[in-house]
1. Name the pairs whose Cβ atoms lie under 6 Å apart, with the first residue in region A:414-440 and over 15 Å from A:Tyr390 (Cβ atoms), the second more than 12 Å from RNA strand B (Cβ to nearest atom), and 6 or more positions between them or separate chains?
2. Given the criteria surrounded by fewer than 17 Cβ atoms within 10 Å (Cβ to Cβ) and at pLDDT 95 or above, does A:Asp110 qualify?
3. Taking A:Lys24 as meeting all but one of (1) within 14 Å of RNA strand B (Cβ to nearest atom); (2) without any contact (Cβ under 8 Å) to a residue 40 or more places away in the chain, write down the number of the exception.
4. Look through A:Phe479, A:Phe432 and report the one residue that is at negative phi, part of a helix (DSSP H, G or I), away from RNA strand B (no atom under 16 Å from the Cβ) and among the aromatic types (Phe, Trp, Tyr).
5. Tell me, yes or no, whether region A:376-396 has at least one residue that is farther than 27 Å from A:Asn438 by Cα and either within 13 Å of RNA strand B (Cβ to nearest atom) or β-branched (Val, Ile, Thr) (or both).
6. Go through region A:143-166 and report how many residues are modelled with pLDDT of 95 or more and touching a Lys or Arg at 6+ places or on another chain (Cβ under 7 Å).
7. Suppose the filter is surrounded by 15 or more Cβ atoms within 10 Å (Cβ to Cβ), at pLDDT 95 or above and within 18 Å of A:Val266 (Cβ to Cβ); does A:Glu169 pass it?
Amino acid sequence: MPKEIIGKGTWYDKAAKSLIEREKSLGRTLTPIRTESGLGASGFPHIGSLGDAIRNYAVALGVKLQGYDSELVAFSDDKDGLRKVPAGLPKEYERWLGYPVSDIPDPAGDCHESFGSHMTSLLLEALDKCGVEYKFQSAAKVYELGLLNREILTILENVEKAGKIIKEELGQEKYLETLPYFPICENCGRIYTTNAYEYVPDEHKILYRCTGMEVKKKWLNGCGHEGEVDVLSGKGKLSWKVEFAARWKALDIRFEAYGKDIADSVRVNDRICREILGFEPPMHVQYEMFLDKGGKKISKSAGNVFTPQVWFRYGTPQSLNLLILKRFVGTRSCSVDDVPTHMDEFDHLEEIYFGKSGIIDELESIKLSGLYEYCWMLKPPIKPSVHIPYNLLVQLAKVAPKGSETDFIRNKLEKYGYLKQGAEGLEERIRFALNWLNDFGRITKIEVKMSEKEAEAIESISEMLQKVKTADEYQSAVFQTAKNLNMSPKNIFQILYKILLGSSQGPRFGSYVEALGSDKVIKELRKAVKKSGKK
RNA sequence: GGGUCCGUAGCUCAGCAAGGCAGAGCGGUGGCCUCUUAAGCCAUUGGCCGAGGGUUCAAAUCCCUCCGGACCCGCCA
């Protein structure tokens, strides 16, 4: 059974291989083979936006790995209009609905020149952290510089054909009458309220009316202005239904993975690209979306969407890359809860990569090592970092004295023997754990079921705790009770920890009671006994 | 109305491209460390691979049908 490994044995290598073969059979130049990712700029970038770029970059890396030149183009859709005020922004932003996001002021003050560039910069920042290299393009700039001019003209010259293709593929008849171009209204400045109704080829001009449009089930009033625009002036943009095609050709894009939410647009654009622009469209792969897990709030503050920045508060960029790269198919639901498992899983991959894990299947090992390298964007470190279960760090952080958390945790880990191989990256991990604890640290109480005898034991302990004062005495109360009632201490400890911590294990009971205060503990214990209905 | 994905151990999932022994982690259980030490180690438990059919010497994997769950599109971008 001959199994030949392509590249690093990942999905991305396979895609890269068929991409190269496709380009060869099309007889196109191979320097470079470009992939593209579209960056939405009309809201806070979330994990999905980052995922799109990372996947397209991974394919570009796969191409490089096979000895060909490649490049990721990160194309910011910053000429799109604002359709909805993103959660977390003041309602006053409604006044900007319909304006190109590159013409709206920066919501964070004046750190960027516009709303669009602020949003884009958040995503680029995340890409940088994740190790993605890209060539940045801004739609606003691209139109301004006239980089799409030839394609705009060709499309407008063949506008009936374009409208027909759109109708055939989508059943949408709108573009049989309206031109697939949105002028920015020279009177009110909005882009989504204009209706382009006539094209004058000789002067490459479009005549439009600012009539208004329905966006997100809300009617946006136009200002009624009638005007004309030179389509080469950059004072407008193509509709998405034809714009992809234009930029694929103009920027010479050969591959673009896309989320299934825009599958229809891609299908239409493929035909526009091939049949009107005469350019064989890029190879595509459709991936599934990332979803939020229902009903789970990330934090109390409103509008805290699941952004890369949130992930980086608790985990490394590589662990986020793992989340995005490890699986290609399948709808993915994800939330910040996934950080600990992905941190641990990444450690596991690192052990395999550095040959420190137990014997596993060779093919499996190659593939997982390959995945590890892709998580590092093929620039893995020479030395592994320190590996500590994420939960352990959080637990240690929980009991660490305020003010000297780092020293406390470091000492404990030393004692547990975790730092024998060095402490590379320990500070960062402690910081992640402290952030996690700080944001999600509250103890989740569970209803504890217990037998009559167990309830009796808890009640007895409560009484004994009232009479004594030191950690040792607290501790021995448990064993004394166990002896008196002829029960196993283990059993009692488990119940105690379940009541107090929601887990069947815990710190040394005596010192825990001392730290928390016996009054509080007694109160908790009695409450639990009462709830269990055994007393 | 059109389309996509998922279903494998109690849980999270890998394995499916390219058919060849049913896998991992977590959890559970038991044990070790002279009562708990939030560590660690050892052992052990776990399965109608959603159902049915087809192809094949051989199917979790490929094809068809169905069931269940979820999502996207059907405004716009």
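The values are calculated or read from the model by the stated rules, or taken from the named source; none is laboratory data. Only a predicted model underlies this, so the values are computations on that prediction, with no experimental measurement involved. Backbone-built Cβ (ideal geometry, glycine too); neighbour counts: all protein chains shown.
1. Hits for this filter: A:Ala423/A:Val386; A:Glu424/A:Ser385; A:Glu424/A:Val386.
2. No, not satisfied.
3. Among (1) within 14 Å of RNA strand B (Cβ to nearest atom); (2) without any contact (Cβ under 8 Å) to a residue 40 or more places away in the chain, A:Lys24 violates only (1).
4. One residue alone meets the criteria, A:Phe432.
5. Yes, there is a match, as at least one residue in region A:376-396 is farther than 27 Å from A:Asn438 by Cα and either within 13 Å of RNA strand B (Cβ to nearest atom) or β-branched (Val, Ile, Thr) (or both).
6. Summing the residues that are modelled with pLDDT of 95 or more and touching a Lys or Arg at 6+ places or on another chain (Cβ under 7 Å) in region A:143-166 gives 3.
7. Taking the combined requirement at face value, the residue does not satisfy it.
This table checks each residue for (1) in the same structural domain as A:Trp248 (by TED's automatic domain parsing); (2) within 20 Å of A:Leu378 (Cβ to Cβ); (3) aromatic (Phe, Trp, Tyr).
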position	(1), (2), (3)
A:Gly40	yes, no, no
A:Phe44	yes, no, yes
A:Leu50	yes, yes, no
A:Ile54	yes, yes, no
A:Val59	yes, yes, no
A:Lys64	yes, yes, no
A:Val73	yes, yes, no
A:Ser76	yes, no, no
A:Asp80	yes, no, no
